[in-house]
Amino acid sequence: MASQYERSGTSTAEDFHVLCYQHHTEMLVSPPTGPVARPLYACREPACLVRYNRLDGYSIAAEDAKTIEEETPPRVNCPNDGQLMYLAEVSPQKGSFRLWKCPECNQRRTNEDILGGLGKKMGA
């Protein structure tokens, strides 16, 4: 049986299923470390540098300034509390669909909510 930290995308306190925004696969959670213990999520794809934590949102785990400069992680804020949201669901049938969730209040937003329906108005 897998331990609580071996299960993908699951932490002890909450049941988050964080997806990598590049690969759309569920990220693996590592045990909390440091003075303020927070789980860190990492993409399971080899060589992928995408990370996520509740405080900082998505980030790139690289020391190379050029790599960090070339990659801009998404920054989707919760309309309720301003927290950085995580990618929770994508839809293969609708390639542009993205469901974002707030780690604090569980508020949900889709990319259509964020864009204000602009894609529909433009015929996309």
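Observations on the structure shown:
- Evaluation of residue 105 against (1) modelled with pLDDT of 90 or more; (2) assigned to a strand (DSSP E or B); (3) open to solvent by 40 Å² or more (accessible area, probe 1.4 Å) (one fails), failing number: (2)
- Pair list, Cβ under 8 Å, 6 or more apart: region 87-109 residue on the phi < 0 side of the Ramachandran plot, other residue open to solvent by 50 Å² or more (accessible area, probe 1.4 Å) and aliphatic (A, V, I, L, M): 96/124; 100/114
- Restricting attention to region 69-91, the residues being open to solvent by 80 Å² or more (accessible area, probe 1.4 Å) and closer than 14 Å to residue 55 by Cα number 1.
- Residue 63 vs. criteria acidic (Asp, Glu), open to solvent by 40 Å² or more (accessible area, probe 1.4 Å) and either touching a helix residue (DSSP H, G or I) at 6+ places or on another chain (Cβ under 6 Å) or more than 19 Å from residue 16 (Cβ to Cβ) (or both): yes
The values are calculated or read from the model by the stated rules, or taken from the named source; none is laboratory data. Since we're looking at a predicted model, the values are computed, not measured. Cβ atoms come from the backbone with ideal geometry, glycine included; neighbour counts cover every protein chain shown. The accessibility values were calculated without ligands, DNA or RNA, using every heavy atom of the protein model including side chains. Shrake-Rupley method; radii C 1.70, N 1.55, O 1.52, S 1.80 Å.
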